[in-house]
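Every number here is computed from the coordinates shown, using simple stated rules; none is lab data. Note that the structure is predicted; figures quoted are calculated from it, not measured. FYI the Cβ positions are ideal-geometry reconstructions off the backbone, even for glycines, and counts take in every protein chain you see.
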Amino acid sequence: MCAEIARLKQQIVFAPKTSSELFEQMVKQCRKRTTKKGANKLETRRIRTLECIKSATRFAVDKLKNVALKSPFVEDLHPFFRELLEISVNIEDYKSCASRVYSASKLINRIGRGYIIKVKRSQKTGEIVRFEREFFGRTYSILKDIEDCLSTVRNFQVTFQNLPDIDVSLPTVIIAGAPNVGKSSLLRRLSRAKPEVKPYPFTTKELIVGHLEHLLGKIQLIDTPGLLDSPLEEKKNVERKAVIALKHISNLVLFIVDPTETCGFSLDYQKKVLESVRSIVSCDVWIVLNKADIASPLDVENFKKKFNINEFFIMSAEKGLNIDKLKNEIIEYFQNRNAKI
């Protein structure tokens, strides 16, 4: 799916920023008219006007058709990407505008063919000049009528280009927890590589993507700073939508807890974040206790009482303690999952 999204991004033909921009490009095509001459002034003018209208029509029609048809079809997208787009783009407006852009291409094509016939039948140079002007006048009016739609389609296209390069076909682990509990450190430990930081579309947040490679394939690891580190009720609407989109790619959640509270957030607050995460995803959520290198037995006991659980992983992302054990558990989890499927 990652390759599919990349292909869709590459094939996009961007809508012009304004209708005037497209119109000026049409006029430039006309100016490239042939230097062929006819038997007299009338025929020379006819030949050059015909080439002008043909080339301008062809340019406008091809451009508008490609803008409409080479933009992604929303219905074909994975729900994760659809919901991300819906955060900042009105999908129904986009689809309506893409249809109008395509219809405009057909209308301009029909008008161009009509004026070609008129020019061929004309017996006066003045008529030919008038027909050329009328053609451009009518075309300009059509383009002005769809100016708002060109802007709508372009906004969708730019938004689509900014979608994160997440491979929804890979088994995916979401790393969650309150701020400063060690999520990024754990991601670096598990992936054994410098994770890629991807701007998260439509918010000021980021996605940090890493990969855990093993003999049978690859597991995608995603940390979401600022998105899964606070209770849902504290999030802005746009952040809620972004978080909800994550449910479509979550196969497993590692919820990181700092029992020492040196992260600056109490165990009560961290528990609220956990409850928020569980309300969003439908996959398994593993509790991973971090900072085992500095956590006292009392810290661990307080955590067990607050969270009312006895089963959890304990490790230190800073020191690498029990990282290999956690990694093997993750790999085994997905191997068993695949075997059941």
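Between the beta carbons of Thr44 and Ser88, assuming R0 = 51 Å, the FRET efficiency works out to 0.45 to the nearest 0.05. Identify, among Leu42, Val181, Phe81, the residue whose Cα sits farthest towards the positive end of the charge dipole of the chain, taking +1 on the Cβ of Lys and Arg and -1 on the Cβ of Asp and Glu, with the dipole about the Cα centre. Towards the positive end, the residue furthest out is Leu42. Given +1 at the Cβ of Lys and Arg, -1 at the Cβ of Asp and Glu and no other charges, the dipole of the chain around its Cα centre is 3340 debye to the nearest 20.
Within the chain, DSSP assigns beta bridges of which about 40% are antiparallel (rounded to the nearest 5). Compared with the dominant principal axis of the Cα atoms in the chain, helix 237-246 is inclined by about 80°. If you plug the beta carbon distance of Thr125 and Ser169 into 1/(1 + (r/R0)^6) with R0 = 56 Å, you get a FRET efficiency near 0.30. By the Stokes-Einstein formula, at 0.890 mPa s and 25 °C, the range 206-341 with its Kirkwood radius over alpha-carbon pairs has D equal to 152 µm²/s. Across every pair of non-identical alpha carbons in the range 84-161, the mean reciprocal distance, once inverted, gives a Kirkwood radius of 14.4 Å. With distances taken between every two different alpha-carbon atoms, the range 61-115 has a Kirkwood hydrodynamic radius of 12.4 Å. The value obtained for the chain, namely the Cα convex hull volume divided by the number of residues, is 157 Å³ per residue. Site pair Glu24 and Lys218 shows an inter-label distance of 4.3 nm when each label is modelled 7 Å from Cα along Cα→Cβ. A straight line joining the Cα centroids of the range 69-98 and the range 274-293 runs 32 Å. Once the piece of chain linking His78 and Arg240 is laid out straight, how much longer is it, given 0.36 nm per residue of separation minus the C-alpha distance between them? Fully extending the segment from His78 to Arg240 adds 56.4 nm. Legend: distances between Cα atoms for Lys272/Lys319; Lys36/Lys63; Lys17/Lys118; Lys37/Lys70; Lys70/Lys183; Lys272/Lys325; pairs beyond 29 Å are Lys17/Lys118; Lys37/Lys70; Lys70/Lys183. Extension gain for the segment Arg58 to Glu311, taken as residue separation times 0.36 nm less the Cα-Cα distance, is 84.3 nm to one decimal.
Global dimensions of the range 1-144 from alpha-carbon coordinates: Rg and Dmax equal 19.3, 64 Å. As a calculated quantity, the FRET efficiency between Asn162 and Arg7 at R0 = 22 Å, using C-beta atoms, amounts to about 0.85.
DSSP finds beta bridges in the range 219-341, and of those with both partners inside it, around 10 percent are antiparallel.
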